[in-house]
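Peer 1: First the structure, which I've put down as structure tokens, then a few questions once you've had a look.
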Amino acid sequence: MNSLKDVDVSNKRVLVRVDFNVPTDKKGDIIDDTRIRESLPTLRYLLEQGARVIAVSHLGRPKGKPTEEFRMDKVAVRLSQLLGKPVRKVSECIGPQVTQAIDQMNPGEIIVLENVRFYPGEEANDPEFSKELAGLADIFVNDAFGAAHRAHASISGVAEFLPTYAGFLLAKEVKMLSRVMDVAESPRMAIMGGAKVTDKLALLKNLIKKMDIIILGGGMANTFMGASGLSVGKSLHEEAMFGMARELIESVRGAQKKLLLPVDVVVADHFANDAKHKVVSVNEVPDDWMIVDIGPKTVELYRQAINEARTIFWNGPVGVFEFENFSAGTDEVARAVASSQAVSVVGGGDSLAAIYHLGIQDSITHISTGGGATLEFLEGKALPGLMCCNYNRKMVV
Ligand code: ADP
Ligand code: MG
């Protein structure tokens with residue numbers, strides 16, 4: 001992949017696609033600035049090298065037209081605080097106001113463009129819009145891993161018109177995710193949870209191919225238990241996926257791999273934190289109760305397996321972890337992953353929330369910030385944001 005380190009950026013105008021799509025509250029105030037922080041290594045490097053940095057991102061879903069609550073002003077203010085230097089914000093992405101602002105820049109200065117999704121050409125990947133954006137700069141750096149699965153103008157469109165390089169965050173994500181999938185040490189384990197099999201079928205199939213041990217929890221496991229002939233009562237499950245689940249169980253067996261399913265579960269009499277609940281064996285789930293977490297014996301079983309793994313990928317909580325009474329299984333799995341000696345990679349919004357809630361993020365080898373992009377990368381899809389940096393899966397180690 002084209003690396004930022006391979007090009008002389010001093011004095012150059014560098015357009016950087018960052019992922020500043022931070023969560024905001026109703027007033028538009030930033031709730032969590034992780035994504036801005038993640039972009040700092042690339043931005044600092046460019047500024048230190050004397051580039052003139054033009055940062056561009058989307059924020060929220062303004063659907064192709066200017067929307068007050070999605071303006072980038074507050075992001076620019078936060079970025080300025082984090083960088084410890086002035087950040088100029090312009091209220092457009094293209095046009096004379098923008099080119100004028102860029103002409104006034106000195107090497108080592110940075111401006112932030114307006115929300116790029118204010119322009120319909122962005123999501124439509126309109127070549128005219130891409131060309132105008134590209135016209136602002138000499139070099140394009142893509143560092144928005146979280147948006148790399150989108151073939152949008154500011155992600156892959158501009159790359160048609162400018163020499164394109166991968167930023168440090170993008171390169172780090174690719175390196176760590178490739179490592180866990182393609183060059184990882186055995187035994188390799190995937191822990192998959194979350195709500196539905198359908199959401200993650202492509203990922204699950206690919207993980208079964210690549211990993212030695214698959215551990216299942218959450219609604220995903222309910223479907224596999226149902227497919228194995230167990231009664232899952234009122235639990236979230238997908239009967240339409242039973243056939244597929246059976247095929248997957250067979251393919252794991254055929255490949256001499258291991259698939260671990262819960263042996264006991266926490267069941268609740270309705271879907272609420274204060275619901276009546278108890279631990280039962282998986283063949284004793286009452287007809288009108290629902291599975292909301294894995295049970296203590298399963299936690300022990302999974303903990304042991306996790307301890308023996310050398311590589312772990314985890315995506316998806318193993319229970320309804322948003323309810324405190326049913327978060328024990330997910331918390332224990334998270335702690336086991338954090339305390340294992342394995343190379344550990346965690347992806348997915350809810351899985352990250354569980355990790356941060358416990359404050360154990362520093363004990364995970366790599367926390368993938370990509371969301372949808374992370375899952376699509378691990379499914380083996382070609383992501384537009386990587387292809388334009390000359391990414392070749394076989395070459396990355
Ligand atoms: P991630 O965001 O980490 O990719 P998902 O979005 O796939 O994870 O899944 C998280 C959701 O799965 C959570 O909202 C959680 O409550 C739900 N979930 C997990 N186990 C169950 C279960 N047994 N029954 C219903 N929902 C569940
Ligand atoms: Mg989620």
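The values are calculated or read from the model by the stated rules, or taken from the named source; none is laboratory data. These numbers were taken from a predicted model, which means no experiment stands behind them. Heads up, the Cβs are rebuilt from the backbone with ideal geometry, glycines too, and the neighbour counts pull from every protein chain shown.
Peer 1: Run down F377, F321, F326 and say which single residue is touching a residue at least 40 places away in the same chain (Cβ under 8 Å), within 12 Å of ligand 1 (Cβ to nearest atom) and over 16 Å from L260 (Cβ atoms).
Peer 2: F326
Peer 1: Regarding S344, is this residue crowded, with 18+ Cβ neighbours inside 10 Å and either away from ligand 1 (no atom under 16 Å from the Cβ) or in contact (Cβ under 8 Å) with a residue 40 or more places away in the chain (or both)?
Peer 2: Taking the combined requirement at face value, the residue does not satisfy it.
Peer 1: Let me ask something else. Taking the conditions exactly as written (at pLDDT 95 or above, away from ligand 1 (no atom under 16 Å from the Cβ) and more than 17 Å from the chain's Cα centre (by Cα)), does I208 satisfy them or not?
Peer 2: So I208 does not fit the description; no.
Peer 1: Kindly list the number of the only condition in (1) buried (at least 22 other Cβ atoms within 10 Å of the Cβ); (2) over 22 Å from L375 (Cα atoms) that fails for V87.
Peer 2: All conditions are met except number (1).
Peer 1: If I go through the range 208-234 residue by residue, how many of them are part of a loop (DSSP other than H, G, I, E, B) and surrounded by fewer than 22 Cβ atoms within 10 Å (Cβ to Cβ)?
Peer 2: 7
Peer 1: Need pairs with beta-carbon distance below 7 Å; first residue under 20 Å from A124 (Cβ atoms) and within the range 152-166, second surrounded by fewer than 24 Cβ atoms within 10 Å (Cβ to Cβ) and of a type in the set (D, E, K, R); sequence gap 6+ or separate chains.
Peer 2: Filtered contacts from the range 152-166: H152/E123; A153/D126; F161/K131.
Peer 1: Got at least one residue in the range 23-43 being closer than 17 Å to M105 by Cβ, in contact with a helix residue (DSSP H, G or I) (Cβ under 6 Å, 6 or more places away or on another chain) and buried (at least 20 other Cβ atoms within 10 Å of the Cβ)?
Peer 2: Within the range 23-43, none of the residues are closer than 17 Å to M105 by Cβ, in contact with a helix residue (DSSP H, G or I) (Cβ under 6 Å, 6 or more places away or on another chain) and buried (at least 20 other Cβ atoms within 10 Å of the Cβ).
Peer 1: Here's a follow-up. For the structure I just gave you, tell me whether L260 is touching a helix residue (DSSP H, G or I) at 6+ places or on another chain (Cβ under 7 Å), within 16 Å of ligand 2 (Cβ to nearest atom) and hydrophobic (A, V, I, L, M, F, W, C).
Peer 2: When the stated conditions are applied, L260 does not pass them.
Peer 1: Between a first residue in the range 277-304 that is among the basic types (K, R) and a second residue that is at pLDDT 95 or above, which pairs have beta carbons less than 7 Å apart while being 6 or more apart in sequence or on different chains?
Peer 2: Sorted first by the residue in the range 277-304, then by its partner, the pairs are K278/V267; K297/V263; K297/D264; R303/E332; R303/A336.
Peer 1: I would also like to ask the following. Report the residue count in the range 236-292 for those that are on the phi > 0 side of the Ramachandran plot and either part of a helix (DSSP H, G or I) or crowded, with 20+ Cβ neighbours inside 10 Å (or both).
Peer 2: Qualifying residue count, the range 236-292: 0.
Peer 1: Further question: What's the number of the condition G295 fails, among (1) surrounded by fewer than 21 Cβ atoms within 10 Å (Cβ to Cβ); (2) more than 9 Å from ligand 1 (Cβ to nearest atom)?
Peer 2: Just one mismatch for G295, condition (1).
Peer 1: For the range 332-350, which residues satisfy the criterion of being within 13 Å of ligand 2 (Cβ to nearest atom) and in contact with a Phe, Trp or Tyr (Cβ under 6 Å, 6 or more places away or on another chain)?
Peer 2: Listed by number, the list holds a single entry, V346.
Peer 1: In addition: Output the helices (runs of 4 or more DSSP H) that fall wholly within the range 8-104 and possess 3 or more residues being assigned by TED's automatic domain parsing to the domain that holds Y119 and within 29 Å of the chain's Cα centre (by Cα), or say none.
Peer 2: Here the list reads 34-38, 40-48, 73-83.
Peer 1: Looking at the range 384-394, is at least one residue assigned to a helix (DSSP H, G or I), over 20 Å from the mean Cα position of the chain (by Cα), away from ligand 1 (no atom under 16 Å from the Cβ) and loosely packed, with under 15 Cβ neighbours inside 10 Å?
Peer 2: Checked against the condition, which is being assigned to a helix (DSSP H, G or I), over 20 Å from the mean Cα position of the chain (by Cα), away from ligand 1 (no atom under 16 Å from the Cβ) and loosely packed, with under 15 Cβ neighbours inside 10 Å, the range 384-394 yields at least one hit.
Peer 1: Can you tell me which residue among Y356, Y302 is among the aromatic types (F, W, Y), assigned to a helix (DSSP H, G or I) and surrounded by fewer than 24 Cβ atoms within 10 Å (Cβ to Cβ)?
Peer 2: Result of the check over Y356, Y302: Y356.
Peer 1: If you check V337, V320, V333, which single one turns out to be crowded, with 24+ Cβ neighbours inside 10 Å, assigned to a loop (DSSP other than H, G, I, E, B) and among the aliphatic types (A, V, I, L, M)?
Peer 2: V320
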